[in-house]
1. Work the Kirkwood hydrodynamic radius out for the chain: mean of 1/r over every pair of different alpha-carbon atoms, inverted, in Å.
2. Post the alpha-carbon centroid distance, the stretch 139-176 to the stretch 58-118, in whole angstrom.
3. Given Cα pairs under 8 Å that are at least 6 residues apart, what percent is the relative contact order of the chain?
4. For residue 114, which aspartates and glutamates qualify as cross-link partners when the Cα separation must be under 18 Å and same-chain residues fewer than eight apart are set aside?
5. For the chain, which span is the longest to avoid every loop-located (per DSSP) member of GluC sites (Glu not before Pro) having at most 16 other Cβ atoms inside 10 Å?
6. Quickly estimate the mean residue ellipticity at 222 nm for the chain, helices only: each DSSP H run with n ≥ 4 gives -39500 (n - 2.57), and the total goes over all residues, rounded to 500.
7. In terms of modelled amide H atoms, which long-range or inter-chain residues lie less than 5 Å from the amide H of residue 160?
8. Which of the lysines could a cross-linker bridge to residue 20, judged by Cα under 25 Å and excluding same-chain residues fewer than eight apart?
Amino acid sequence: MDNSRVTQISKYLSYHLRHKPEKIGLSIQLGGWVGVEELLSLAEKHGFLITREELEIVVKNNNKQRFSFDESGERIRANQGHSIAIDLQLTPQIPPDLLYHGTGDRFVASILAKGLLKMSRHHVHLSGDRETARQVGMRHGKPVIFSIDSAQMYRNSYQFYRSENGVWLVDAVPPIYLSQL
Ligand code: HQG
């Protein structure tokens with residue numbers, strides 16, 4: 001399967017598992033899971049044919065490990081990035097002392113004033129290293145990277161979660177914990 005087909009399926013899954021399951025009549029279960037059979041048959045019914053084999057390749061080879069199967073292999077979910085109200089049932093984790101957030105330069109003034117807000121997602125997304133943050137920031141234009149004093153936030157009772165694909169999640173980051181790099 002070529003890369004463009006992997007990307008096409010990955011985008012289709014992101015859209016329906018994170019944002020608009022109702023578009024094809026998918027029911028999202030607790031934890032963000034959907035039945036694999038249900039997904040494949042509803043996708044086909046709506047004109048997008050994916051084979052089970054293709055789905056397995058996309059879950060395994062997706063560049064950011066965006067999706068997971070459950071232990072039985074009968075259900076699939078997006079690991080993070082949802083805008084629909086679902087509870088991923090993640091357990092709070094102790095974060096590393098520093099985390100990073102990449103953004104576009106046009107957002108900097110607002111972020112310095114208001115802190116990092118979750119905008120349309122469930123959480124603010126933070127990266128464990130600067131390079132990943134830079135790549136996330138490039139999606140929004142000229143990248144700017146902030147470091148986050150996650151050790152101090154943790155001491156101040158902020159809850160941090162880590163998605164299955166290594167993205168750190170938190171409700172908000174007030175300006176006092178941010179340094180522009
Ligand atoms: C910005 C991708 C103004 C924030 C990535 C970001 C990530 C503010 C944008 C995942 C703000 C939201 C998430 C404030 C935050 N004023 N702008 N107060 N607070 N922002 O796409 O973190 O490919 O929702 O800096 O790799 O860029 O989808 O969040 O620029 O892991 O798997 O508002 O999406 O993963 O943008 O990216 P996004 P994000 P996937």
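Computed from the coordinates by the stated procedures, all read-outs in this text should not be read as laboratory data. Everything numeric here is computed off the predicted structure, so don't read it as measured data. Note: ideal-geometry Cβ built from the backbone for every residue, glycine included; neighbour counts use all protein chains shown.
1. Details: mean 1/r = 0.0573 Å⁻¹.
Here the Kirkwood hydrodynamic radius works out to 17.4 Å.
2. When both Cα centres are located, 10 Å separates them.
3. Details: 310 pairs, mean separation 37.9, N = 181.
That works out to 21 percent.
4. 105, 149, 171
5. On the way: sites that count: 71, 74, 164.
After excluding every exposed loop site, the longest remaining stretch is 75-163.
6. Working: 6 runs with 54 residues, N = 181.
One gets -8500 deg cm²/dmol as the mean residue ellipticity at 222 nm.
7. Residues meeting the amide H criterion: 93.
8. Residue 20 reaches 11, 45, 60, 64, 118.
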